[in-house]
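Have a look at the structure below before the remarks.
Every number here is computed from the coordinates shown, using simple stated rules; none is lab data. Please read all numbers here as calculations on a predicted model, not as lab measurements. Every residue, glycine among them, receives a Cβ derived from its backbone with ideal geometry; neighbour counts consider all protein chains shown.
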Ligand SMILES: Cc1cc2nc3c(=O)[nH]c(=O)nc-3n(C[C@H](O)[C@H](O)[C@H](O)COP(=O)(O)OP(=O)(O)OC[C@H]3O[C@@H](n4cnc5c(N)ncnc54)[C@H](O)[C@@H]3O)c2cc1C
């Protein structure tokens, strides 16, 4: 006998959506959430049907309010899973605010821990991130459409992302911040599409109260912009998986089947931490709902069609 049927690690849209659907399926659920959502930097989140423009914390508040109707779902906030191990009956987790000394057991575990971001090494970038510089074009480009935009990044897919952002504006400048992110062939191709590439390192972003106004580079140039996008590096922090090595892809995302099962029996994953799709709230919530159905089917022994 375990304390819970399902332990959900992470209370973002993926974890909370799974909790709702598992709760409605009579499962005894524990959600453990460190409460550090990826989109905390932004004031409004977009593209979630019925909640377009909602502040990120409001979305979580509504979700938790709805979950309060289910006595079989327990949420522990600002609490972290510090260690997760396999047992004969399922899994054991050490949880706690600072010290993960409380032990809980569960038959199945859903990893919904999202991703950690590292922004390009540019002075003051944090001060603009989430307010006038964003990372997801599908989420935030509508508000910036037609304006003079920057794309700042140091990764090999920067030219691809430039093609994407250029869909929303004819005035885009790519800043590689001194890196070799864009090849000369890509630079030439972007130039024919009217997208200049600036290779000089960025020394300053200017603007006020989160509203960016210009990018200053080491070559002494200053370019006025109204907003833009950055390409962060993403990392799945799964250091708490004690001795368990579920399959991961080259970028560190958990590999699952299309139902959210990892390569370890009883261990599931949903949301941004699982193999890449669009990193969006509604996609994460949808993945949480889908994996919840699969966890229920697996527990009952129903051969699912998923
Ligand atoms: C600046 C910014 C703006 C964005 N804007 C939008 C937008 O407008 N629209 C949109 O659809 N998407 C937007 N996104 C993307 C969106 O935030 C993510 O796709 C979504 O949050 C993914 O949900 P998730 O449940 O997988 O992970 P998250 O929402 O990141 O939730 C994961 C949770 O797990 C917790 N956690 C991690 N490790 C542990 C642990 N060991 N123990 C306990 N808890 C843990 C974290 O603290 C966090 O609370 C934005 C992202 C950023 C960075």
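Between the Cα long axis of helix 56-67 and the first principal axis of the chain there is an angle of about 20°, rounded to the nearest 10.
A crude spin-label estimate for the pair residue 148 and residue 124, with each label 7 Å from Cα along the Cβ direction, gives 1.6 nm. Secondary structure note: in the range 120-231, about 40% of the DSSP beta bridges are antiparallel.
What is the chain by shape, rounded, prolate or oblate, if you read a ≥ b ≥ c off the alpha carbon gyration tensor as root eigenvalues and call it rounded for a/c under 1.5, prolate for a/b larger than b/c, and oblate otherwise? Judged from the Cα gyration tensor, the chain comes out prolate (a/c at least 1.5, a/b above b/c).
Counting DSSP beta bridges in the chain, what percent are antiparallel, to the nearest 5? Could the numbers behind the result be given before it?
Details: 26 of 59 bridges.
Among the beta bridges of the chain, antiparallel pairing accounts for roughly 45 percent.
Would the range 120-231 count as rounded, prolate or oblate if I go by the C-alpha gyration tensor, calling it rounded below 1.5 in a/c and otherwise prolate when a/b exceeds b/c, oblate otherwise? Note, shape of the range 120-231 comes out oblate. Using only Cα atoms, locate the centre of the range 228-306 and the centre of the range 1-65, then give the distance between them in Å, rounded to an integer. The two parts, judged by their Cα centres, are 15 Å apart.
As a length-normalised measure over Cα pairs under 8 Å and 6 or more apart, the relative contact order of the chain settles at 21 percent. Given the options 104, 32, 81, state which has the largest fluctuation in a GNM of the chain using a 10 Å cut-off (strictly under) for Cα springs. Highest fluctuation of the listed residues: 104. For the range 163-197 versus the range 93-123, the spacing of their alpha-carbon centroids is 36 Å. GNM on the chain, alpha-carbon springs under 10 angstrom: the most fluctuating residue among 112, 285, 274 is 285. Over the range 120-231, what relative contact order in percent results from Cα pairs under 8 Å that are six or more residues apart? Over the range 120-231, the number comes to 35 percent. Mean separation of Cα pairs under 8 Å and 6 or more residues apart, divided by the residue count, gives the range 1-114 a relative contact order of 36 percent. Compared with the dominant Cα axis of the chain, that is its longest principal axis, helix 281-300 is turned about 20°. Rg/Rh, computed from the Cα trace of the range 1-97 with Rh as the Kirkwood radius, has the value 1.01.
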